[in-house]
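What follows is a set of notes on a single structure, which appears directly below.
The values are calculated or read from the model by the stated rules, or taken from the named source; none is laboratory data. Here the structure is a predicted model, which means the values were calculated and not measured. Here the Cβ positions follow ideal geometry from the backbone for every residue, glycine too, while neighbour counts run over all protein chains shown. Just the protein is used for accessible areas: all its heavy atoms, side chains included, with ligands, DNA and RNA removed. Shrake-Rupley method; radii C 1.70, N 1.55, O 1.52, S 1.80 Å.
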Amino acid sequence: MPLSGYTFRERILIHLADISFYSLIAPIGRTIRYEVVGWEHFEEIEAGNKIPIYSFWHDRIFAGTYFFRDRGIVVITSQSLDGEYISRFIKRLGYGSVRGSSTRGGVGA
């Protein structure tokens, strides 16, 4: 998404947030040890050529974001400035991004 709709200050903040978030999550994510319970259910979905819907608990987003990277997952983020921060850095982790929320663009997302 082009940044032309944002002020110069907001564009700088978006780039700084993008780099900062990625710089925090990537190295810490490499040190986390994961225990996966129920993975057979995910494999069953994939074997059936179905597309899973992922949901992360808020207190697990940090670890989940790293664990599920580079799997072709598309994340819905709001059309706000905060959503732009999130959209930019999750793309660095291999996610797609669709913009929408309950009040703006949610149906399209």
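Worth pointing out:
- Of the criteria (1) aromatic (Phe, Trp, Tyr); (2) farther than 19 Å from residue 85 by Cα; (3) open to solvent by 80 Å² or more (accessible area, probe 1.4 Å); (4) in a helix (DSSP H, G or I), which one residue 42 fails: (3)
- For region 1-26, filtering for residues that are surrounded by 10 or more Cβ atoms within 10 Å (Cβ to Cβ) and assigned to a helix (DSSP H, G or I) leaves 17.
- Among the residues of region 28-39, those identified as on the phi < 0 side of the Ramachandran plot and either of a type in the set (Lys, Arg) or open to solvent by less than 60 Å² (accessible area, probe 1.4 Å) (or both) are 29, 30, 32, 33.
- Against the list (1) modelled with pLDDT of 90 or more; (2) over 30 Å from residue 5 (Cβ atoms), the condition residue 68 fails is (2).
- One residue stands out among those in region 71-99 that are among the small types (Gly, Ala, Ser) and exposed (fewer than 14 other Cβ atoms within 10 Å of the Cβ): the one that is modelled with the lowest pLDDT, which is 80.
- Applying the set (1) open to solvent by 70 Å² or more (accessible area, probe 1.4 Å); (2) of a type in the set (Gly, Ala, Ser); (3) at pLDDT 85 or above to residue 102 leaves exactly one unmet item: (3).
- Among the candidates 35, 43, residue that is within 18 Å of residue 72 (Cα to Cα), without any contact (Cβ under 8 Å) to a residue 60 or more places away in the chain and among the charged types (D, E, K, R): 43
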